[in-house]
1. In this structure, is residue B:114 away from DNA strand C (no atom under 16 Å from the Cβ), surrounded by 13 or more Cβ atoms within 10 Å (Cβ to Cβ) and either under 20 Å from residue B:5 (Cβ atoms) or within 16 Å of the chain's Cα centre (by Cα) (or both)?
2. Which residue pairs have Cβ atoms closer than 6 Å, lie 6 or more positions apart in sequence or on different chains, and pair a first residue in region A:43-65 that is free of Cβ contacts under 8 Å to residues at least 40 places away in the same chain with a second residue that is in a helix (DSSP H, G or I) and among the small types (Gly, Ala, Ser)?
3. Quick check on region B:75-94. Is at least one of its residues of a type outside the set (Gly, Ala, Ser), closer than 30 Å to residue A:106 by Cβ, touching a residue at least 24 places away in the same chain (Cβ under 8 Å) and within 12 Å of DNA strand D (Cβ to nearest atom)?
4. Does residue A:64 qualify as being under 30 Å from residue B:108 (Cβ atoms) and within 15 Å of DNA strand C (Cβ to nearest atom)?
5. Given the residues A:74, A:11, which is the only one that is within 24 Å of residue B:121 (Cβ to Cβ) and within 12 Å of DNA strand C (Cβ to nearest atom)?
6. Which numbered condition trips up residue A:95, out of (1) within 23 Å of residue A:19 (Cβ to Cβ); (2) of a type in the set (A, V, I, L, M, F, W, C); (3) under 13 Å from the mean Cα position of the chain (by Cα)?
7. Do we have residue B:90 as over 13 Å from the mean Cα position of the chain (by Cα), farther than 24 Å from residue A:69 by Cβ and either within 13 Å of chain A (Cβ to nearest Cβ) or basic (Lys, Arg) (or both) here?
8. Return the total of residues in region B:105-133 being outside any strand (DSSP E or B) and facing another protein chain (nearest Cβ under 7 Å).
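Please treat every number below as a calculation from the coordinates, not as lab data. Source: prediction; values computed, not measured. With ideal geometry, Cβ positions are generated from the backbone for all residues, glycine too; neighbour counts draw on all protein chains shown.
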Protein chains: 2
Amino acid sequence: MEKLTIPKGYKTTKQRKAILEILEENITPMHAEDIYLKLKEKGIDVSLSTIYRNLDMLQKQGLVVKAYMLNEDKARFGLSSKKNYLICKNCKKIVIIDNCPFEKFKEELMEVHGFDILEHSIEVYGICPDCKKQEVNE
Amino acid sequence: MEKLTIPKGYKTTKQRKAILEILEENITPMHAEDIYLKLKEKGIDVSLSTIYRNLDMLQKQGLVVKAYMLNEDKARFGLSSKKNYLICKNCKKIVIIDNCPFEKFKEELMEVHGFDILEHSIEVYGICPDCKKQEVNE
DNA sequence: TAAGATTTTGCAAATGATTTTCATTTGAAA
DNA sequence: TTTCAAATGAAAATCATTTGCAAAATCTTA
């Protein structure tokens with residue numbers, strides 16, 4: 001996992017560093033407010049507007065991905081490297097799909113539709129192993 | 001393409017029929033307001049709140065899928081059958097992926113992560129054939 | 001086919017996430 | 001240091017979506 005750095009041309013502020021740190025620590029893409037609260041826990045006070053502004057900048061720089069999950073109406077933000085995930089419909093746990101199998105059919109998709117493919121995002125919903133166990137026991 | 005019907009237990013109103021019709025006519029998932037405007041063009045006046053309420057109902061019934069596209073902050077709604085798509089980053093054209101290749105790696109994903117997979121959504125971004133041509137000519 | 005029960009609708013007001021404004025502070029180049 | 005553009009916080013503004021409520025439409029059944 002490569003250490004992230006503040007993009008060139010942007011100043012290094014303690015707020016910015018803190019936000020990036022939180023994103024690195026969390027596997028799950030987070031709501032802006034989650035980030036705000038986690039920072040507060042650490043004793044770092046960053047205003048919500050600053051968080052939004054920085055997430056926006058980081059997104060434009062390609063470090064962060066913004067996505068809305070099924071049945072949610074607030075955006076989540078996560079590092080780009082964690083773009084494809086499995087979500088448990090029961091406990092909401094999120095698991096990153098590491099070796100995204102998308103590459104395998106990218107070629108096929110390009111041929112069939114004639115698109116040059118640049119990016120993709122995949123969300124898969126299901127029931128995670130833990131929740132499956134519980135269902136059996138109940 | 002199967003004709004959609006208003007789910008059992010819900011009354012048949014002209015607004016509801018009109019909304020469903022618009023969704024059937026459009027390949028591209030639409031914003032609530034797009035639907036509002038298209039209806040108005042047809043001379044059918046349906047309030048935005050009614051549109052939102054019905055889309056919500058249709059979603060809960062599984063007929064409609066709600067999704068946010070890259071860099072957009074309003075939800076789009078489309079028929080469930082049109083869930084996976086290619087989006088041109090240049091002209092914003094949307095092409096539905098019909099034979100979604102996801103099935104091919106569903107098994108693999110289930111094995112690796114132990115999830116029971118229920119749903120998925122795939123968004124792919126790239127440049128469409130038309131826009132590629134233009135780039136060459138410019 | 002009229003009455004009654006229930007849904008659905010439209011409108012206006014409320015909500016809540018995100019964005020913007022602006023005065024102040026901060027980082028970094030010289 | 002000094003200087004100046006960039007960044008921040010707080011409060012206000014925005015805008016998609018939701019909700020409350022009274023009126024209208026639908027369906028059921030007598």
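1. When the stated conditions are applied, residue B:114 does not pass them.
2. Close Cβ pairs satisfying both conditions: A:44/A:18; A:51/A:32; A:52/A:32.
3. yes
4. yes
5. None of the others qualify; the one that does is A:74.
6. (1)
7. Details: over 13 Å from the mean Cα position of the chain (by Cα): yes; farther than 24 Å from residue A:69 by Cβ: yes; either within 13 Å of chain A (Cβ to nearest Cβ) or basic (Lys, Arg) (or both): yes.
Yes: the conditions hold for residue B:90.
8. So the count comes out to 9.
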